[in-house]
Amino acid sequence: MSPPNDAVGRTRRRTEWIDARSIDRMADLLDRPHSWAAGVVPVPWHWMYFFNESVPSSRVGLDGHPLRGDFLPPIALPRRMFAGSEIRTLADLKTGMEATVAETVESVEEKTGGAGPLIFVTVRCSIEQAGIDVLTERRILVYLEPKRGSIPMPTMRPPASVVAGETSADWCPQAHELFRYSALTYNGHRIHYDADYARDVEGYPGVVVHGPLTATRLALLARDITRRPLTFLSVRGKAPLFGGQVVRLAGRVESPDRVRLSAIRCDGALAMEGIAETGGIPIR
């Protein structure tokens, strides 16, 4: 299967109002006070405004995503997942102002994995506000073949011992959290809230935790550890997480401004790994 490379270089721009109310709602989801962000969009909360586009209902596919071919290439593989992201801040993205994102399809690459052919699409994003570049991102999506059979629900194992020098927190994503995150990011992908679709069509044992939500939780842990805002975040998804199962979020300080991150599934599998870098004025 040859990937449709004619989409490489395709660019679009859109402008959004960066409203403070969305920041308050994300803070509620993460059990943070509304004053926590102080008028600045934390990494990677910009996904509320710039991850998913709004399209008419007639342009929505069976999976809940916008139909392919308008911006993202018309890839035939039916299943789509968030594979990773690399984000760097250049200045504060502030609430109460407009911001504009320019998105470009940087590459379309075919690979072969244990589950068959995979197509990775990398989108380069640049956000500007008031004429200033404030954030860049390289976002990777992966498309997969239909699932043959079904994925078993991971079996819970006794939690591993805490590694020396590592800070960890257990998180059990519930259905209401997944639904609220879908709403905040305008993510219509049905695997995150429709258990019947997730099981019967895409072969998962239950609703799937958003990769960006896991990344957001890891970024929050890094900020809590260092007490400084993030200036860089790189994450890579390794295995799916499912609602109602405990996830261990862990961070290990490698230097005063660098934290290595991981999300460990209840069966011990590595679900996401990442690096966060911090800077700026310490947070009280």
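The values are calculated or read from the model by the stated rules, or taken from the named source; none is laboratory data. Computed from a prediction, not measured in an experiment: that's the story for all the values here. Here the Cβ is made from the backbone with ideal geometry for all residues, glycine too, and neighbour counts use every protein chain on show. Remember, those area values only see protein heavy atoms, side chains included, never the ligands or the DNA or RNA. Shrake-Rupley method; radii C 1.70, N 1.55, O 1.52, S 1.80 Å.
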Note to self: I'd like to know if the stretch 103-115 contains one or more residues that are modelled with pLDDT of 95 or more, of a type in the set (A, V, I, L, M) and more than 20 Å from the chain's Cα centre (by Cα).
What the structure shows: no
Checklist line | Output for the stretch 135-155, where each listed residue is hydroxyl-bearing (Ser, Thr, Tyr) and open to solvent by 60 Å² or more (accessible area, probe 1.4 Å) | finding: Ser150, Thr155
Notebook entry, point to check: Of all residues in the stretch 53-69, which are under 20 Å from the mean Cα position of the chain (by Cα), under 20 Å from Val105 (Cα atoms) and of a type in the set (Gly, Ala, Ser)?
Noted result: Ser54
Check: Just for helices (runs of 4 or more DSSP H) wholly inside the stretch 167-273: which have at least 3 residues that are under 14 Å from the mean Cα position of the chain (by Cα)?
Finding: 175-184, 211-226
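Listed here are the residues, each with its yes/no results for (1) closer than 18 Å to Ile140 by Cα; (2) open to solvent by 10 Å² or more (accessible area, probe 1.4 Å); (3) at pLDDT below 95.
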site	(1), (2), (3)
Leu184	no, yes, no
Tyr193	no, yes, no
Arg199	no, yes, yes
Val207	no, yes, no
Gly211	yes, yes, no
Thr214	yes, no, no
Leu221	no, yes, no
Arg227	no, yes, yes
Ser234	yes, yes, no
Next item on the list: Answer with yes or no whether Val43 is assigned to a loop (DSSP other than H, G, I, E, B), among the aliphatic types (A, V, I, L, M) and within 17 Å of the chain's Cα centre (by Cα).
Entry: yes
Note to self: Residues that are aromatic (Phe, Trp, Tyr) and surrounded by fewer than 19 Cβ atoms within 10 Å (Cβ to Cβ): does the stretch 78-88 have at least one?
What the structure shows: no
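Go through Asp70, Asp63 for me and flag whichever is among the acidic types (Asp, Glu), in contact with a helix residue (DSSP H, G or I) (Cβ under 9 Å, 6 or more places away or on another chain) and over 24 Å from Asp194 (Cα atoms).
Asp70
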Next item on the list: Give me the pairs, please: first residue somewhere in the stretch 24-44 and of a type in the set (Val, Ile, Thr), second residue anywhere and surrounded by fewer than 18 Cβ atoms within 10 Å (Cβ to Cβ) and in a loop (DSSP other than H, G, I, E, B), beta-carbon distance under 7 Å, and either six or more positions apart or on two chains.
Entry: Val40/Asp92
Margin query: Can you say whether Asp24 is in a loop (DSSP other than H, G, I, E, B) and within 21 Å of the chain's Cα centre (by Cα), as far as the supplied structure shows?
Written below: no
Note to self: One residue is enough: does the stretch 158-178 have a residue meeting the conditions β-branched (Val, Ile, Thr), closer than 30 Å to Gly9 by Cα and surrounded by fewer than 17 Cβ atoms within 10 Å (Cβ to Cβ)?
What the structure shows: no
Next item on the list: Those residues that are among the charged types (D, E, K, R) and either part of a strand (DSSP E or B) or farther than 27 Å from Trp17 by Cα (or both), I need them from the stretch 73-121; list them, please.
Entry: Arg79, Arg80, Glu86, Arg88, Lys94, Glu98, Glu103, Glu106, Glu109, Glu110, Lys111
Next item on the list: Identify the residue in the stretch 9-42 that is of a type outside the set (Gly, Ala, Ser) and open to solvent by less than 20 Å² (accessible area, probe 1.4 Å) and, among all such residues, is farthest from Thr89 (Cα to Cα).
Entry: Leu29
Notebook entry, point to check: Under 6 Å by Cβ, and 6 or more places apart or on different chains, what pairs join a residue from the stretch 97-113 that is more than 18 Å from Glu137 (Cα to Cα) with one that is among the hydroxyl-bearing types (Ser, Thr, Tyr)?
Noted result: Glu98/Thr15
